[in-house]
Amino acid sequence: MTTSDRRARLNAYAPWIFRDYFMNQGPSTAIVVLMIGFLTLLPIIQGFGGERVQLGEVPEVIAIRMLHAMIPPLVFIGAFFATNGIISNDRKLGYYKFLFAKPLSPPLYYGMIFAIYGVGLLVVSAALIGVWWFTVRPMFPTALFAVVFIMYVAYGGIGFLLSAAWRFDWLSLVTVLLVANVGWSVWGAATGPRKWVLYLLPPVHHANEIYGIVARDALHGIPWASIAWLGGYGAACFAAGLIVIRLRSFGTN
Amino acid sequence: MRAVEDFSLAIGESEVFGLAGPNGAGKSTLISLLLGYLEPTLGTVRIAGLRPRAFVERFGMGYLSELIAIPPRWSLDEALHRYAILAGVPHADTARRLDEVVDLLGLEEHRGKRVKQLSKGNLQRLGLAQALLRDERVIILDEPTHGLDPVWTQRFRDVVSALRRPGRVIFIASHNLDELQRLADRVAIIDRGRLQRVVEPRTDAAAGSTPFILTVVASNGAVQDVFPGAVARGPSEFELPLLDVPTLNAGLARLLAHGALITSLRPAHSMLEQHFREAVRE
């Protein structure tokens, strides 16, 4: 069986992966983000601290500020739900046994799942923008998709590596991001060895600049350096995850 | 801790090969090595000259694990459809092939059920069905009749017998020595991670190497006269001492001449069982 045969089979299997995403992670992501969105929107339509506004008629300035506030939970939850257990569950529950007795390359298989879940998250984001259109303000910020994509690679790549490495992936992803946030905000200006240790952690301090793309922060332009830092870090983690999948035997816990 | 060590074995291309051993002997570890799910810390495993993972990724294997792990939300049909795609069953043949394995394993009425709704026996049959989706060169079955009722245990033997073909290896790990005795060309007995011996059950099975159980309608005295040393094990049932074939046949002829009705004659232990007892005791 050639490599192209194996790829063709994975392509044929892709709709099932999509289906899995839209049966599991997709709705969970949408529901949690909608709840957060509702809690963000509620004070505005109730007029706390100003005039009451009608559903779907939130002033543009406020809508963009709201959008800026909604992006971090969307990208974090989206990446978190998509990569939580992506590999570790198959190991833990033994699903790998029948899967990888088939002529499949595990790195290719999980790489495809990661990519499809990323597309799934973009579709969920589009659906959420549809809800946004009717409940907040008719707008279609295309830049949001770029931000979701970059942040999915960034956070999702880390989640992918952790899931390949061990079973406590969700806990370790939250811990890593939390430690990175604290680390960069407390010691971000440090020099010497401490700074070098910080560089091992995800450069989450660049995330705000990336979220700013959606807020049409034209004054600062596109933050290419931040995109390269975060996206590159996530992509490197994803690549490391593929190597771990190849090297770490499935029969070990 | 070493689960398997000092284990050297070559399996022929068209063999049905059995693996027997007590719990914790290292059977599942050995199967994980064959599938490339574990890497040996020392030594090598090769299948057709390739490392197991390379072989599986290139050709695939029919594999039934001891514990069936399939996502519980999948329906039986969905599970088979997914595995068929991943196994490389051509799209045009998928529906036909699914119908064939479902029919072969009597799963028709369960096709729409979710995996979590299946009984242990049906789940085991689903596991076997997914292993048979494609015409694999290597089939590995780990405790294949675990959870099957007697009817399906017998049916399984027919299924495995039908799978025999030149160029195909069927590897069966089982606690069920009777099953291995009937199906396997050779059986490796493993204990505490070490290969104890390799037995050819059919070739090795011959009168004179095992005592027989005789069931006969005759007086106790008649049996003991003909076969001194015979021990009554129940009404009309006697365990005969170890005898060579001519002595056994002559004794049976004498019993028949005395008007006895012989209803059965069978080995007290299968040849494999005897080897197993000896090997595991060693």
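The values are calculated or read from the model by the stated rules, or taken from the named source; none is laboratory data. Nothing here was measured: the structure is a model prediction, and the numbers come from that model. Cβ placement follows ideal geometry from the backbone for every residue including glycine, while neighbour counts extend to all protein chains displayed.
Remarks
- Here residue A:215 fulfils each of the conditions (1) free of Cβ contacts under 8 Å to residues at least 12 places away in the same chain; (2) farther than 24 Å from residue A:116 by Cβ apart from (1).
- Among (1) part of a loop (DSSP other than H, G, I, E, B); (2) of a type outside the set (A, V, I, L, M); (3) crowded, with 23+ Cβ neighbours inside 10 Å - the single one residue A:85 does not satisfy: (3)
- Test result for residue A:146, among the small types (Gly, Ala, Ser), in a helix (DSSP H, G or I) and closer than 30 Å to residue A:9 by Cα: yes
- Any hit, segment B:260-280, residues being of a type in the set (Phe, Trp, Tyr) and assigned to a helix (DSSP H, G or I): yes
- Test: residue in segment A:186-203 that is buried (at least 20 other Cβ atoms within 10 Å of the Cβ) and outside any loop (DSSP other than H, G, I, E, B): no
- Among residues of segment A:154-209, those that are under 23 Å from residue A:118 (Cα atoms) and of a type in the set (D, E, K, R), counted: 3
- Scanning segment B:3-55 for residues that are crowded, with 22+ Cβ neighbours inside 10 Å, within 11 Å of chain A (Cβ to nearest Cβ), in contact (Cβ under 8 Å) with a residue 12 or more places away in the chain and assigned to a loop (DSSP other than H, G, I, E, B) yields a total of 1.
- Residue check for residue A:245: modelled with pLDDT of 90 or more, of a type in the set (Val, Ile, Thr) and buried (at least 18 other Cβ atoms within 10 Å of the Cβ): yes
- Leading residue by the ranking (nearest to the chain's Cα centre (by Cα)) among those in segment A:99-132 that are over 22 Å from residue A:7 (Cβ atoms) and without any contact (Cβ under 8 Å) to a residue 24 or more places away in the chain: A:126
- Residue within segment A:121-131 that is at pLDDT below 95 and out of contact with any helix residue (DSSP H, G or I) (no Cβ under 9 Å at 6 or more places or on another chain) present: yes
- Filter result for residue B:97 (in contact with a Phe, Trp or Tyr (Cβ under 8 Å, 6 or more places away or on another chain), assigned to a helix (DSSP H, G or I) and more than 11 Å from chain A (Cβ to nearest Cβ)): no
- Only one entry of A:164, A:101, A:127, A:154 meets the criterion of being farther than 30 Å from residue A:61 by Cα and assigned to a helix (DSSP H, G or I), and that entry is A:164.
- Strands (runs of 3 or more DSSP E) contained in segment B:176-219 and holding at least 1 residues more than 14 Å from the chain's Cα centre (by Cα), under 30 Å from residue B:260 (Cβ atoms) and at pLDDT 85 or above: B:212-217
- Qualifying residue in segment B:109-122 (condition: aliphatic (A, V, I, L, M), touching an Asp or Glu at 6+ places or on another chain (Cβ under 7 Å) and surrounded by 14 or more Cβ atoms within 10 Å (Cβ to Cβ)): no
- Residue within segment B:69-86 that is at pLDDT 95 or above, crowded, with 21+ Cβ neighbours inside 10 Å and more than 13 Å from chain A (Cβ to nearest Cβ) present: yes
- When each of B:232, B:218 is tested for being surrounded by fewer than 21 Cβ atoms within 10 Å (Cβ to Cβ), touching a Phe, Trp or Tyr at 6+ places or on another chain (Cβ under 6 Å) and under 21 Å from residue B:267 (Cβ atoms), the lone residue that passes is B:232.
- Residues satisfying the stated conditions in segment B:57-93, i.e. closer than 15 Å to residue B:130 by Cβ, part of a helix (DSSP H, G or I) and within 26 Å of the chain's Cα centre (by Cα): B:76, B:79, B:80, B:83, B:84, B:87
- Within segment B:137-158, the set of residues being closer than 16 Å to residue B:178 by Cβ and in contact with a Phe, Trp or Tyr (Cβ under 9 Å, 6 or more places away or on another chain) comprises B:141, B:144, B:145, B:148.
- Within segment A:92-109, not a single residue is away from every other protein chain (no Cβ under 14 Å), surrounded by 18 or more Cβ atoms within 10 Å (Cβ to Cβ), within 30 Å of residue B:36 (Cβ to Cβ) and modelled with pLDDT of 85 or more.
- Top-ranked residue of segment A:8-32 - restricted to ones that are touching a residue at least 12 places away in the same chain (Cβ under 8 Å) and more than 17 Å from residue A:119 (Cβ to Cβ), ranked as nearest to the other protein chains (Cβ to nearest Cβ): A:9
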